[in-house]
1. Explain nothing, just the number: relative contact order of region 682-756, from Cα pairs under 8 Å at least 6 residues apart, as a whole percent.
2. Mind checking the full-extension length gain between Asp1002 and Leu687? Use 0.36 nm per residue of separation minus the Cα-Cα distance, one decimal, nm.
3. Counting pairs of alpha carbon atoms under 8 Å apart in space and at least six apart in sequence, what relative contact order in percent does region 264-324 give?
4. Report the full-extension gain for the segment His448 to Val756: residue separation times 0.36 nm, less the Cα-Cα distance, to one decimal in nm.
5. Let's test the formula: R0 of 25 Å, r as the Cβ-Cβ distance of Asn1073 and Ser701. What FRET efficiency results, to the nearest 0.05?
6. So if we plug the beta-carbon distance of Phe558 and Val1059 into 1/(1 + (r/R0)^6) with R0 = 25 Å, what FRET efficiency do we get, rounded to 0.05?
7. On a C-alpha basis, how far is the centre of region 638-666 from the centre of region 396-424 in Å? Whole number, if you could?
8. According to a simple spin-label model (label point 7 Å from Cα along Cα-to-Cβ), what is the distance in nm between Ile585 and Val88?
Amino acid sequence: MRRAHVLLFLAWVSILFYSGIWIFTSGFLLMRIELNNQSSCSDLPNSSPQGPLQQHPGACWLPRRFDKAVIIIIDALKYDFAKYEPGVADPKLYQNKLPVIHQLTQSQPRNALLYPFRADPPTTTMQRIKGMTTGSLPTFVDVGSNFASYAIQEDNLIHQLVENGRRVVFMGDDTWNGLFPKKFYKSYFYPSFNVKDLHTVDNGILQHLYPTMDSGDWDVIIAHFLGVDHCGHKHGPDHPETANKLTQMNQVISSLVEHLDDKTLLLVAGDHGMTDTGDHGGDSEKEVMAALFLYSKSPLFSHELIKEPGPVPQVDLVPTLSLLLGLPIPYSNLGAIMPDLFSWPEKESRVSAALTQASAFHINALQLDRFLHSYSLAAGDLPPDKLRDLKELFSSLTSEYEQLMSEWSQGSGTESEYETRLQHHIHQVQLYLVQARAMCMESWARFHPLRMITGCAILAASCLLCYLAAEAGMALDLSSKFLLTYPLFGVLGAGALLTFGKWLSLIEWDSLSLWPLVIAASQLTFFYSFWKQKQLPVRLRLRRISLLFSGPCLILIFRCGALFSDSFVVAEGHVAPFLLMSLLILTVSKLHWDGRLIIPTLSPLGGDSMKLTLSAGYRKDGPLLLLLLGALTLCVRLSGIFHNCREETPDCHPSVFISPLSNVKDPQLKNLSYLGCVVCLVAIVYLVRKWLQHYGNLNSSSALVLYIRWGFPLIAVSISCYWALSAGTEDSLARLRDLTQLALVAFPRAVYSLAVLGFVFLLWNPVTVFMKRTQDSDADNTVTTYGGAPGSQAELLHVIPQIYRKMQRTIKSRLHHGTDEEEEKKGAAIEAYGLGSVYSAAMIVVLFLLTLVLLLLHSERITPAFLILLLEAFVILHIHSHVQNLYCAPDSSGQFSVPWYAVIAWALAGTQWFYSTGHQPVFPAIHWNSAFVGFQEGHENNIIPAVLVAANTFSAHILFSAGSSLLLFWPFLCETPSKKKRGKKETEEAPLMEMRLRENPDKFSGALLQLGTKYLFIQGVQLLSCVCAAMILRRHLMVWKVFAPKFLFEAVGFTVSSVFLFLGIVLVLRVDNAVMSWFKSLILQQQR
């Protein structure tokens, strides 16, 4: 039962951390309040425009200028794609591929113009669609729902079109279906998430676009092309496929121009840009700068054209398009109209054009003032002083506008003077609109300080709880009363009191506010019960001072403190390997300082003198440790080759190994790269099998061993075949396209299926031990010292190590003294191969299966990094085992305690793995392609792609948390033979290896609990540092660029780590239970 107590305690501690993350997140990443108010033609805010527009028939706020509109969204159309630069000597592949835009702007300057189109971060498609239809600003947390789009409840452009009787036809990205369900007159949706599919969406649009236009059964057409964005994700912008897709878009624009009439507006826009690697999601200049192209066969602009227009915020498109089409501006809009498009009517005087522009801006300001008033009443989070200043400015602008209209109607003043005053008024209104938008942007980064502090406190208390449990070690009470009853009593007691108080209406807090009290009660009961164990606090007081100033603790403090620096977070991929090397070098140096590498020897002095003198000699572990440190340094250096870059480091160039083989243009280089990847994959398989064979875990005929012998190579072959097919260009396999697509699905799914089969075999029977009967004269002493079969569980636990010792002596005696004639005279005995590494073998098999699946989800060119990092983990385990065995005797209780330096080094190695496999804690660096490995046709839900992307991103957390128990097993595995004196003869006793864990099951359970709490503590303090940094620096310039993404990645990484740590310990206990059953069956056989 103590094993169950360990698991339940770790689960409870993890829930404490999850609660702290949840509560902090609810106060840090708050979404703004969405108003359900909607604009209508009949409720023009406060007053109506005066002047020449007043009596226009059918006017809705402002007379429509266009009857129809064709809106083309080219996903990821960055400004550099659309800008024509003929003077470039060596143009990139994506440059000058849209010449039709340049031709139209040059030949018809009053009808066409290209604008830089600035997006608000986050630059993900769903948030950009929201911005371009509502005119509002999606907050940072909205990025989490980018692939699980929720219907837009706010007033928006699509709603206004439908409400005013316009027939809206949509075709393209199915994200619009989630945002605007059942809103379109006709719709043709295509799946958008498969970034490897370059043509399905675009070809589907082209199939319906021109027939729809020719039919005339529409008022607004919206077509959202995805090919350019998918080319960027798959190949990067500077690739022939991207150039081909841009050329196709050029033909689309040319054809659309021919289909337009004088009352139709053509709008071509990108929702965001892309980085040099084809990614997006952040706020770098390349990601936020898209393109906007406007064209009409009737003149759009006055004679006073701006040759090089400045950037246009995306939210400005909403009020501009609304008024041009004769619609009300959506209620929550924060954008400002584009003034160039409202300098009309052109046939009348310049004053009339200025009046039109002033009226449009006045409507825009009225709408925004109404929204600010409604929002301030609903939310109350807008700064009162700034809101008051804006209200005063708006009131003065309204009075000035009414005065100008009055003077115009009376005909007072000259036209030039009146035009000057109008232009000054327009400038002031523009200033008001910009200030209002800036205030909202600042205010919507609002926080809930109490929840953030509460979340930090819960995380800090959880870290303290883990530290106390870890430091108590074997002295900790593992009974259910201590580990479970007290915390459960605290939860139930606090929950009952709060529920009773809420039922009696004594407490009016919501559930989110009450939950921290329940968590706090649970933690306090544990601390109280811990303090009642009087010997524990005394022990901790003696250790805390020395531990605080130890090398591992100082390195951990430095790492956590440095997370408050944005430059450290940016450079963490370089700092983590340095800290890892420093820690292990310091640990090995401390061995020398403590004299653990020196062998004291005794030599007589003089002839008959009985005096002895000491002379120092060095153990063989010293040179071996230096060799391991050298190997570790080499691995760390080589793994740094496979790095990715952040936008904050413009001088950094991403490793070429991050991109897939399909991006390699040179066929010879592609073949060599593929061969190298396959060689590395074969090396990984070979080394794992060689390890299992070395320790005797491949000798039995069990289902798991047969699977290891044949399943591992089969998985490697499937991965290699998948790489070969995915690396080939689409044109080279055009004749076998259907067969290729089938194979691209079949091979990855075969890997998934074989991996699942391996896990099933492992859970069914994880004991990879080969049992062989032989002859031994002492066979009657093999079974037990109890004189019969064990009568209780305690007796069985005592017998297991005795049996193992006897097996070792039998094998050794047979190797040195046994002959065929002698064996006939001996009794029956048992030889067992692989029993000393039975725990590690099961863990190695699991980690290898996980590694193969995770490797499949990465780019094939990352395979050398996986090989290097696996060797690095192997080196770290060997350094740890040598250090541990030099400090602790094999049969001492110290072997059951994994020291802090080992856990910290293991966590740092996991961090290095994260960065050395092409990852960064930013959204643009997420490898979205992994969602379609084995699912080329796409997904019916968001669960599978989310799991695949998470597995790719957090592969380091998965492997190192699941494999953390190796830190406990490896020193036993590397135990050297000990020498014991029997009378006058010194004999060498074979090591018990992992069977020492069976000598004291309580210590084994305590060791697992201690290891789990130490690992959770290390991960928890890193998470706590990121949380505190995000909270303290929430007004920092880099909070949404550096600290918020780092917190989110750290929070999800902690969740993944805690889950797989729990599953890893579950596997260890399953193996332990299987070992006990194996020995029990062996004893029963011996009794027959």
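The values are calculated or read from the model by the stated rules, or taken from the named source; none is laboratory data. A quick note: this is a predicted structure, and the numbers were derived from the prediction, not measured. Virtual Cβ from ideal backbone geometry, glycine too; neighbours counted across all protein chains shown. Ligands, DNA and RNA are stripped out before the accessible areas are found, and what is left, the full protein with its side chains, is counted by its heavy atoms. Shrake-Rupley method; radii C 1.70, N 1.55, O 1.52, S 1.80 Å.
1. It comes to 30 percent, rounded to a whole number.
2. Result for the pair: 110.0 nm of gain on full extension.
3. Across region 264-324, relative contact order equals 32 percent.
4. On the way: separation 308, 0.36 × 308 = 110.88 nm, distance 4.41 nm.
In short, 106.5 nm is gained.
5. Values: r = 22 Å, r/R0 = 0.87.
Rounded to the nearest 0.05, the efficiency is 0.70.
6. Details: r = 28 Å, r/R0 = 1.13.
In this case the efficiency is close to 0.35.
7. 60 Å
8. So the label points at Val88 and Ile585 sit 4.5 nm apart.
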